[in-house]
Every structure is written in structure tokens, then in C-alpha cells.
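Student: Questions regarding the structure given below will be posed in turn.
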Amino acid sequence: TIPTSTKFLIGDRVQVTRPTDLNVRDLPSLLGTILGLQPFGTLGTILGGSVLADNYFWWNVNYDSGADGWSVEDWLERYVAASYTLNLSVNPAGGGTVTASPAQLTYPPGTLVTLTAVPAANYTFSNWRGGASGSVNPITVTMDGNKSVTANFTSTTPPQPGTWVPPLGLPRPRFGIE
């Protein structure tokens, strides 16, 4: 039987990992004509292979730019695009909601996401904390990493008549009348 490689499947995305340019040939062989060179980091899609020739496994690659053709698998790796998560929360619970547009489970790097805070009855939106800041609503964030964003809300309900509320920062006195 002829040995084959199972490193890739047809349709897999691959990336050139050779520190110097990778030869792209018209045939799966060192005798094949060099059609062009692909630099480190170039992406492509596997169209065919594997073929064992000249002690190398060869794959036919449709590169995203430049020459397409046969390349040695030793300098190719499967490429998995990065993606980031966006966790949203509200404070206090029940103070309102926050939505993301587009709403997705994960986001590709560079995706712009618009966050909108919607206060519940008797609350107003105060500000953003975490992966967003400030009080602009809605706000747009760039997905350049995993993010957690909290929408903070403030109650607009006045205190009940006869309820004493201490000034900010002072503890409530404990003298039996509450």
C-alpha cells in the first residue's frame, strides 16, 4: 500500500509556517516547476492530496493570494481562526437589560459590537464597567479579546415616607427606630 498522510482534509484551512518562503510547485515533486513562493503566515485551503513523492507528503493548496499549487506538508499547519467571547451582565439584578448587536456566541477579531442598556421601570442607566467604560449608551466595543461588560443602573424610586436615609458614606445609626 502507498502511505498517505492524514494531517489535513480536503477543505481544511492551512497556514504557512516555514520561516523563509515556501515553494509552490505545479506537480507534487521536487522536480515540479516552482510557480511561486508563499511567505510565512500565508493562509490557504487544501484542494487535494496527500501525495507521497521525494520522501515528502505534498498537498495541493489554493492560497488566499499569490501562486496556488503543491506544497510540502512539513511547512503547513491547520489554521483555526481566533474568536472571542462577550459576557454581559447588569447591576443590580433587575435594574435593566443589556443587548449586543450582532448577538453571537463568539466573535472574530476586530468585530464591532454595539451594546445597548435598557433600564427597567424606576431605574436609569448609569455607566459601563469592565470591557467598556463611560456612560454613552449605546456604545460600540471592538472584539480584540474576551470581554466581560456590566451595565450599571441606578434606582429612581424615592425612599418611602418616614424612612431616614443617611448621607452618603455614613452608617445608619442603631437606636431602635428604623
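Student: Are any of the residues in region 48-55 surrounded by 14 or more Cβ atoms within 10 Å (Cβ to Cβ) and of a type in the set (Asp, Glu)? Step through it out loud before you land on a result.
Tutor: From region 48-55, those surrounded by 14 or more Cβ atoms within 10 Å (Cβ to Cβ) are 49-53; that's our starting set.
Going one step further and asking which of them are of a type in the set (Asp, Glu), we end up with none.
There is no residue in region 48-55 that is surrounded by 14 or more Cβ atoms within 10 Å (Cβ to Cβ) and of a type in the set (Asp, Glu).
Student: A follow-up question, please. Return the only residue of 90, 72, 80, 98 being within 20 Å of residue 16 (Cβ to Cβ) and open to solvent by less than 70 Å² (accessible area, probe 1.4 Å).
Tutor: 72
Student: Which one of these is within 13 Å of residue 7 (Cα to Cα) and modelled with pLDDT of 95 or more: 34, 46?
Tutor: Just a single option satisfies the conditions, and that option is 46.
Student: Those residues that are open to solvent by 30 Å² or more (accessible area, probe 1.4 Å) and acidic (Asp, Glu), I need them from region 10-36; list them, please.
Tutor: 21, 26
Student: Looking at residue 64, is it of a type in the set (D, E, K, R) and free of Cβ contacts under 8 Å to residues at least 24 places away in the same chain?
Tutor: Working: of a type in the set (D, E, K, R): yes; free of Cβ contacts under 8 Å to residues at least 24 places away in the same chain: yes.
Yes: the conditions hold for residue 64.
Student: For region 101-111, give me each residue that is under 14 Å from residue 147 (Cα atoms) and open to solvent by less than 80 Å² (accessible area, probe 1.4 Å).
Tutor: 106, 107, 108, 109, 110, 111
Student: May I ask you to list the residues in region 132-142 that are assigned to a loop (DSSP other than H, G, I, E, B) and either open to solvent by 30 Å² or more (accessible area, probe 1.4 Å) or at pLDDT below 95 (or both)? Spell out the reasoning first.
Tutor: Going residue by residue through region 132-142, those that are assigned to a loop (DSSP other than H, G, I, E, B) are 132-133, 135-138.
Selection gives 133, 135, 136, 137, 138.
Student: If residue 46 meets every condition in (1) in contact (Cβ under 8 Å) with a residue 40 or more places away in the chain; (2) touching a Gly at 6+ places or on another chain (Cβ under 9 Å) apart from one, which number is that one?
Tutor: Residue 46 satisfies every listed condition except (1).
The values are calculated or read from the model by the stated rules, or taken from the named source; none is laboratory data. Note that the structure is a prediction, hence the values are computed from the model and not measured. In this analysis, Cβ positions are derived from the backbone assuming ideal geometry, glycine residues included, and neighbour counts consider all displayed protein chains. In case anyone asks, the SASA skips ligands and DNA or RNA and just uses the protein heavy atoms, side chains included. Shrake-Rupley method; radii C 1.70, N 1.55, O 1.52, S 1.80 Å.
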